[in-house]
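Notes follow once the structure below has been shown.
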């Protein structure tokens with residue numbers, strides 16, 4: 001318990017928290033990862049029903065708009081076909097939409113949990129490789145703990161946002177500062193500005209400060225002149241990797257800016 005309390009001190013004094021954990025630093029990434037996973041599952045459990053409700057309403061609105069734009073004869077035929085399909089027990093568009101949303105719900109939970117684990121592994125691997133290029137003897141489990149600790153602010157954010165959504169009933173659709181440049185229509189793809197700004201918030205900055213402070217600890221032993229450029233490269237590489245899928249989607253829809 002003392003080691004775990006020490007590592008939690010790392011949220012505010014990273015170097016002291018890492019050094020105070022002693023030999024336990026090699027396995028403390030496990031409870032930290034559990035906390036992160038728990039926060040992800042909590043937020044997902046709260047947000048997914050709201051997300052499904054919102055997306056279903058948006059999809060139904062688009063479908064209704066398309067139906068209303070049909071010539072009267074075509075619209076009547078469509079309504080007749082849908083009524084016949086429902087009467088015959090065939091799969092209707094509403095049922096297809098419901099099934100798709102259920103699949104989305106499961107995917108959100110699975111990929112949310114996997115994303116948290118991959119983030120820990122990715123960050124640990126990045127700085128472990130960097131440390132080895134500097135002939136630093138740090139062990140990989142130690143870097144896993146540093147990585148998990150630096151992501152703990154994300155867990156705090158997840159809990160805060162989950163509580164907020166539960167109390168207000170409002171789905172927080174956009175991450176970070178992404179809401180400032182988010183598209184207003186569901187059919188519009190977010191642009192490059194959204195891809196960048198959605199990665200930025202106070203909790204991300206907090207995590208980077210923890211990561212920087214932990215690198216300077218005695219247990220890790222990275223010099224400041226090396227830690228600064230390493231953090232900057234990490235920010236750039238991570239930002240690009242996260243932004244690429246959004247930017248590619250924007251290119252296909254012509255919404256790059």
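Overview of results
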| read-out | value |
| --- | --- |
| Test: residue 50 is surrounded by fewer than 18 Cβ atoms within 10 Å (Cβ to Cβ) and more than 17 Å from the chain's Cα centre (by Cα) | no |
| Region 160-201, residues that are in contact (Cβ under 8 Å) with a residue 40 or more places away in the chain and in a helix (DSSP H, G or I) | 161, 162, 165, 166, 192, 193, 194, 195, 196 |
| Per-region count, region 125-140, residues surrounded by 16 or more Cβ atoms within 10 Å (Cβ to Cβ) and touching a residue at least 60 places away in the same chain (Cβ under 8 Å) | 6 |
| Which numbered condition residue 202 misses (of (1) at pLDDT 90 or above; (2) in contact with a helix residue (DSSP H, G or I) (Cβ under 9 Å, 6 or more places away or on another chain); (3) exposed (fewer than 12 other Cβ atoms within 10 Å of the Cβ); (4) more than 30 Å from residue 49 (Cβ to Cβ)) | (4) |
| Residue under evaluation residue 34, criteria (1) over 15 Å from the mean Cα position of the chain (by Cα); (2) buried (at least 16 other Cβ atoms within 10 Å of the Cβ); (3) closer than 29 Å to residue 110 by Cα, criterion not met | (2) |
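The values are calculated or read from the model by the stated rules, or taken from the named source; none is laboratory data. Small disclaimer: the values here were computed from a predicted structure and weren't measured. Glycine gets a Cβ as well: all are built from the backbone with ideal geometry, and neighbour counts include every protein chain shown.
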